[in-house]
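This report concerns only the one structure given below.
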Amino acid sequence: MTIRVATPADAAVVSELARRTFYDTFAASNDAADMALYLAGAYSIDIQTRELNDRDVTTLLVEDAGAAIAYAMLRTDHVPECVNGPDPIELWRFYVDRAWHGRGVAAALMARARTAALERGAKTLWLGVWERNDRARAFYAKCGFVDAGEHIFLFGTDPQTDRVMVTAL
Ligand SMILES: CC(C)(COP(=O)(O)OP(=O)(O)OC[C@H]1O[C@@H](n2cnc3c(N)ncnc32)[C@H](O)[C@@H]1OP(=O)(O)O)[C@@H](O)C(=O)NCCC(=O)NCCS
């Protein structure tokens with residue numbers, strides 16, 4: 001398994017992985033029309049090309065035997081009021097292919113994400129996680145994140161509550 005910073009040349013791979021892992025994670029517990037709307041607005045080769053060219057975004061890609069199995073994105077953008085640590089950066093997306101859950105990939109990717117955040121000069125790492133995503137919340141708590149508040153995430157037409165979690169770097 002290797003972890004590297006993705007480049008615009010990876011747009012098709014990241015886009016496919018991102019779409020698939022998002023669908024796998026949330027399709028069963030959400031409305032199909034909202035899912036379709038969200039997927040259309042979030043994942044395509046053009047959209048991921050823009051993100052991979054964006055200096056405010058760092059994308060980490062995990063590969064095993066040449067196959068992409070996980071990715072994470074860090075982003076400097078708006079910061080919710082409940083995040084009050086110094087120099088914050090958002091862990092915007094963090095997804096591991098289902099076949100690799102519970103096998104240490106997520107921990108390795110988190111360690112690399114923390115290093116990448118430090119390299120960007122951040123001192124506080126924050127994220128939003130759906131209040132009903134128990135596995136992810138348990139994983140983040142295991143990684144030292146604590147609950148700091150909430151914000152709204154618009155899933156298609158459905159305004160959902162995300163817990164905002166924070167850790168010091
Ligand atoms: C979230 C994610 C990255 C965590 O990686 P992982 O390899 O599954 O994490 P781990 O197995 O190390 O840790 C998950 C913990 O949750 C626990 N868990 C599993 N299912 C659970 C559930 N339904 N409810 C509560 N906890 C659960 C596990 O037992 C484990 O804790 P333990 O190590 O103390 O036993 C991965 O599951 C994933 O990619 N999920 C889909 C995408 C996603 O939800 N991303 C986050 C978006 S904010």
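Hydropathy first: keep DSSP H helices in the chain averaging at least -0.5 on Kyte-Doolittle, then drop any whose Cα extent along the axis falls short of 30 Å, and list what survives.
none
Fully extended, how many nm does the chain gain between Thr115 and Ile152 (0.36 nm per residue separation, minus their Cα-Cα distance)?
Working: separation 37, 0.36 × 37 = 13.32 nm, distance 2.79 nm.
Going from the current span to full extension adds 10.5 nm.
With +1 on the Cβ of every Lys and Arg and -1 on the Cβ of every Asp and Glu, and nothing else charged, how large is the dipole of the chain about its Cα centre, in debye rounded to the nearest 20?
In total the dipole reaches around 560 debye.
Any chance you could run the full-extension gain for Ile45 through Val79? It's 0.36 nm times the residue separation minus the Cα-Cα distance, nm to one decimal.
9.6 nm
Once neighbouring chains are kept in place and the probe is 1.4 Å, which whole percent of the accessible area of the stretch 67-149 is contributed by carbon and sulfur?
49 percent
Counting DSSP beta bridges in the chain, what percent are antiparallel, to the nearest 5?
90 percent
Compute the normalised compactness of the stretch 71-161: alpha-carbon radius of gyration over 2.2 N^0.38 Å, N being the residue count.
Ratio of Rg to 2.2 N^0.38 Å for the stretch 71-161: 1.09.
So if each residue of separation counts as 0.36 nm, and I subtract the Cα-Cα distance between Thr7 and Lys142, what length gain in nm does that give?
Length gained between Thr7 and Lys142: 45.6 nm.
With unit charges on the beta carbon (Lys/Arg positive, Asp/Glu negative), name the residue among His101, Val83, Ala117 whose Cα is farthest towards the positive pole of the charge dipole of the stretch 73-134.
It is His101.
Under 11 Å from a point placed 7 Å out from the Cα of Arg135 along the Cα-to-Cβ direction: which residues of the stretch 93-129 have their backbone N that close?
The answer is 96-103, whose backbone nitrogens lie closer than 11 Å to the label point.
Run the simple label-point estimate for Glu16 and Asp56 please: 7 Å along Cα→C-beta, distance reported in nm.
Each label point lies 7 Å from its Cα, and together they span 3.0 nm.
I'd like the distance separating the alpha-carbon centroids of the stretch 17-53 and the stretch 148-167, in whole Å.
Here the two parts' Cα centres lie 17 Å apart.
On the Cα set of the chain, report Rg and Dmax in Å, please.
Expressed in Å, the Cα Rg and Dmax of the chain come to 15.1, 42.
The values are calculated or read from the model by the stated rules, or taken from the named source; none is laboratory data. Everything numeric here is computed off the predicted structure, so don't read it as measured data. FYI the Cβ positions are ideal-geometry reconstructions off the backbone, even for glycines, and counts take in every protein chain you see. Surface areas here come from the heavy atoms of the whole protein model, side chains and all, with no ligands, DNA or RNA. Shrake-Rupley method; radii C 1.70, N 1.55, O 1.52, S 1.80 Å.
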